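Student: Dumping the structure here so I can ask a few things about it.
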Amino acid sequence: MPLYHLSPDVALALSENRPVVALESTIITHGMPWPQNLEVARRIEATVRAEGAEPATIAVVDGRLCIGLEDTQLEALAQARGVAKLSRADMAVCMAEGRTGATTVAATMIAARMAGIAVFATGGIGGVHKGAEASFDVSADLQELAQTAVTVIAAGAKAILDLPKTLEVLETLGVPVIAYGQDQLPAFWSRSAGLRAPLRMDDPAAIARAHLMRAALGLPGGQLVANPIPQEAEIPRAEMAPVIGKATQDAADHGITGKTLTPYLLQRIFELTEGRSLDANIALVLNNARLGAAIAREMTRMEAPGPTSEHKPL
Ligand code: PSU
Ligand code: MN
């Protein structure tokens with residue numbers, strides 16, 4: 001039995017060396033409420049297509065790792081209840097038991113890499129949670145970026161996280177954190193986290209080149225491209241701070257930890273902002289899909305740098 005299933009569209013695009021952008025499914029099952037989740041999932045795919053790339057939404061459906069979902073599968077996933085949230089630790093178990101699960105950033109990267117898809121667009125990555133010095137809650141997404149060669153486009157790390165600690169861990173792990181088009185690290189709903197990003201790039205072609213360069217140097221792992229939310233859609237940091245504070249306090253009061261923490265915080269912030277956080281979330285994901293397609297287009301045009309091309313032996 002094959003390890004994964006490519007949708008016909010994705011299989012064709014890959015065989016013709018056309019640009020493909022991987023998309024995660026946890027954002028559909030755990031990141032946004034029904035029915036906006038389905039609508040957004042379809043709009044993300046349409047945006048990638050409009051930008052000249054093929055979208056490959058990834059999920060485990062009845063034990064089968066699907067890379068590229070049919071619209072009926074997308075719809076079923078968006079409505080399903082009790083879908084597992086899969087990361088590196090539980091993906092194989094879900095497949096072995098024939099269950100259905102949505103892939104997080106970490107699991108989506110693993111699947112994309114296997115299928116030869118180098119670019120993946122999403123909303124926000126997991127990171128170091130506030131209070132991690134006591135809870136040890138550090139997302140497996142960070143470790144995945146360190147070892148799996150996929151360029152991930154996100155709107156920075158979610159402001160529900162401890163962003164300075166998240167940057168420190170990424171630095172330790174050797175993950176390039178590249179702000180796109182600005183010096184500041186973006187913070188998901190807000191354009192600035194009030195922190196300088198370690199790296200800045202302004203050109204999708206250079207980002208694609210850096211991805212290939214990393215591989216040519218024999219460095220494992222991917223790149224994190226932090227793409228700021230469009231100006232007109234942002235919720236300023238000062239406005240989000242008290243909301244995030246309240247949501248974090250509510251999570252602590254209710255004893256929410258582990259896997260359920262991120263979905264709980266997103267839902268709580270959605271309620272506290274009366275839906276505004278969702279509008280921002282949608283705008284930033286679509287923006288990331290556009291940039292992802294641009295990077296994927298550039299990458300398919302490039303040749304991998306050769307290890308000996310400029311080396312003249314003495
Ligand atoms: N961004 C969102 N909604 C989400 C997530 C990110 O706007 O649901 C998901 C991603 O799948 C990410 C995961 O990989 O949350 C991180 O979860 P954790 O913190 O439990 O590792
Ligand atoms: Mn966690």
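The values are calculated or read from the model by the stated rules, or taken from the named source; none is laboratory data. Just so it is clear, the structure is predicted and the values come from calculations on it, not from any experiment. Backbone-built Cβ (ideal geometry, glycine too); neighbour counts: all protein chains shown. SASA here: full protein model, heavy atoms, side chains in, ligands and nucleic acids out. Shrake-Rupley method; radii C 1.70, N 1.55, O 1.52, S 1.80 Å.
Student: Quick one: how many lysine pairs in the chain have C-alpha atoms under 23 angstrom apart, if they're 8 or more apart or on different chains?
Tutor: Close lysine pairs under the 23 Å cut-off: 12.
Student: Okay, helix-only estimate at 222 nm for the chain: each DSSP H run of n ≥ 4 adds -39500 (n - 2.57), divide by all residues, round to 500 deg cm²/dmol; what do you get? All intermediate terms of the calculation are to be shown ahead of the outcome.
Tutor: On the way: 12 runs with 139 residues, N = 314.
-13500 deg cm²/dmol, from helical runs alone.
Student: Hey, with R₀ at 30 Å, roughly what FRET efficiency would Glu70 and Leu173 work out to, going by the Cβ-Cβ distance, to 0.05?
Tutor: After rounding to 0.05, the efficiency reads 0.25.
Student: Using unit Cβ charges (K, R positive; D, E negative) and no other charged atoms, how large, in debye to the nearest 20, is the dipole of segment 179-314 about its Cα centre?
Tutor: So the magnitude is around 420 debye.
Student: Which percentage, to the nearest 5, of the DSSP beta bridges contained in segment 124-309 is antiparallel?
Tutor: Bridges in segment 124-309 are about 30 percent antiparallel.
Student: Still on this structure: Once the piece of chain linking Tyr4 and Leu219 is laid out straight, how much longer is it, given 0.36 nm per residue of separation minus the C-alpha distance between them?
Tutor: Full-extension gain reported as 74.8 nm.
Student: Only Cα pairs under 8 Å and at least 6 apart count here; give the relative contact order of the chain as a rounded whole percent.
Tutor: Computed over the chain, the figure is 19 percent.
Student: For Arg191, Arg49, Arg18, give me the order by solvent-accessible area with a 1.4 Å probe, most accessible first, ignoring ligands, DNA and RNA.
Tutor: On the way: Arg191 65, Arg49 115, Arg18 90 Å².
Ranked from most to least accessible, the order is Arg49, Arg18, Arg191.
Student: What area, in nm² and to one decimal, does the C-alpha convex hull of segment 1-117 cast on average over all directions?
Tutor: Projected area, direction-averaged: 6.6 nm².
Student: Let me ask something additional. What does the accessible area per residue of segment 124-309 come to in Å², with a 1.4 Å probe and no ligands, DNA or RNA counted?
Tutor: Counting only protein heavy atoms, the per-residue value for segment 124-309 is 43 Å².
Student: Averaged per residue, what accessible surface does segment 26-68 expose to a 1.4 Å probe, in Å²? Don't skip to the answer; put the middle values down first.
Tutor: Numbers: 1520 Å² over 43 residues.
Value for segment 26-68: 35 Å² per residue.
Student: So what's the convex hull volume per residue for the Cα atoms of segment 124-309, in Å³? Before the final figure, lay out each step's value.
Tutor: Working: hull volume 19.9 nm³, N = 186.
About 107 Å³ per residue, rounded to a whole number.
Student: Here is a follow-up. Nearest 20 debye, what's the magnitude of the dipole of segment 1-117 about its Cα centre given +1 on Lys and Arg Cβ and -1 on Asp and Glu Cβ?
Tutor: With Lys and Arg at +1 and Asp and Glu at -1, about 300 debye.
Student: Using only Cα positions of the chain, each an equal point scatterer, no hydration layer, compute I(q)/I(0) via Debye at q = 0.12 Å⁻¹ and quote the log10 values to two decimals.
Tutor: With no solvent term, the Cα-only Debye profile gives -0.74.
Student: Tell me, in nm to one decimal, what length is gained between Asp250 and Arg18 on full extension, where the rule is 0.36 nm per residue of separation less the Cα-Cα distance?
Tutor: Numbers: separation 232, 0.36 × 232 = 83.52 nm, distance 4.61 nm.
Result: 78.9 nm gained on full extension.
Student: With an 8 Å Cα cut-off and a minimum separation of 6 or more residues, compute the relative contact order for segment 1-117 in percent.
Tutor: 32 percent
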